[in-house]
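Have a look at the structure below, then the notes.
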Amino acid sequence: MLQGNRYFFLLAMMSLIPLCFKQGIATEIKNSTPVHKHGHTQNKKYIPTGYIDSNFYYDTRNFNVFTLNVLGNLPLGFQYFSLTNFFGLPGTNHNFSLNRHYTEQNLRWNPVKKIPIDLTAQGTFQSGRMNNSMRLGIRWRVTDSSWWRDLFKQFGINYSVNFHPLQIELETTPGHAWQIEHVYKFNILPKKTRNRLYISGFADHNMRYGGTSGNNNHVWVTEHQLGVRIIKGLHAVAEFRRNEFMQKKNGLGLGFEYLINF
């Protein structure tokens, strides 16, 4: 338990990386020539981009959730992304506290700019014992593929899929596992709604074999959020949440989101 919390603390601190770049710690990247959008090269200071996305929900399974998502586009084709959930434990007198955690820390690298494939490393850390792991794989940014890029852009769709064929448990556990993760966002009638209405979400398909998996080899964790922008970065959100690792699998989250783009 103590070791897991140490892992979580160290990786949660990594969420500050994009903030540091935002505050101007990023300096000129020497020996690099960024490509201008019209195809010309130019020497300039690197300016990071990304977002900080915070959400607070009440889940109808009778607990609260605070979620922090951080994305930072870094130099040399690297990208950092983290998801961190703080939540209570359903069915106990601690269900409305935020004393449990789950976090995913991702580092991605696009080695060839014209090809929408990233190499990925993901660490997952959560409360309890035997819960921490590392995953290695690739990410396909489907939206950026030339075959249907214009079509996806026309309808305001963003979709990517992560393949994590290699999963390494940080504590010794029997069996083996791997994962496919789908992530999407769809702006609903962006011109008519002025980008105020969207649906976004993810679906994690976890494949587990041997050990304690029994006959439950395919486990899904999925969330689908409907958001309405109220003012600036503030949104009202409703979210369908299904977690097949939990005893009560389905819930509805109701709350607010605040998004900061940089």
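The values are calculated or read from the model by the stated rules, or taken from the named source; none is laboratory data. Source: prediction; values computed, not measured. Cβ coordinates were reconstructed from backbone atoms using ideal geometry, including for glycine residues, and neighbour counts include every protein chain displayed.
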(message) Quick test of your reading of the structure: Thr173 fulfils all but one of (1) modelled with pLDDT of 85 or more; (2) surrounded by 15 or more Cβ atoms within 10 Å (Cβ to Cβ); (3) β-branched (Val, Ile, Thr). Name the failing condition by number.
(response) (1)
(request) Determine whether Val65 is aliphatic (A, V, I, L, M), crowded, with 17+ Cβ neighbours inside 10 Å, under 16 Å from the mean Cα position of the chain (by Cα) and farther than 30 Å from Lys192 by Cα. (result) yes
(request) Given the conditions (1) touching a Gly at 6+ places or on another chain (Cβ under 7 Å); (2) surrounded by fewer than 18 Cβ atoms within 10 Å (Cβ to Cβ), report the number of the one that Leu76 does not fulfil. (result) (1)
(message) With the structure loaded, tell me whether Arg149 is charged (D, E, K, R) and in contact (Cβ under 8 Å) with a residue 60 or more places away in the chain or whether it fails that test.
(response) no
(request) Go through the residues of segment 184-196 one by one and say whether even a single one is modelled with pLDDT of 85 or more, outside any loop (DSSP other than H, G, I, E, B) and among the aliphatic types (A, V, I, L, M). (result) no
(message) Within segment 231-249, take every residue that is surrounded by fewer than 13 Cβ atoms within 10 Å (Cβ to Cβ) and over 20 Å from the mean Cα position of the chain (by Cα) and give me the one that is modelled with the highest pLDDT.
(response) Ile231
(request) Give segment 140-164 a look and list any residue that's in contact with a Pro (Cβ under 9 Å, 6 or more places away or on another chain) and surrounded by 15 or more Cβ atoms within 10 Å (Cβ to Cβ), or say none. (result) Trp140, Arg141, Val142, Thr143, Asp144, Gly156, Ser160
(message) One residue is enough: does segment 220-241 have a residue meeting the conditions more than 18 Å from Leu83 (Cβ to Cβ), assigned to a strand (DSSP E or B) and in contact with a helix residue (DSSP H, G or I) (Cβ under 8 Å, 6 or more places away or on another chain)?
(response) no
(request) Tell me which residues, restricted to segment 79-91, are modelled with pLDDT of 95 or more and more than 17 Å from Glu104 (Cα to Cα). (result) none
(request) State all residues of segment 50-70 that are under 15 Å from Leu252 (Cβ atoms), free of Cβ contacts under 8 Å to residues at least 60 places away in the same chain and hydrophobic (A, V, I, L, M, F, W, C); if no residue qualifies, say none. (result) Phe63
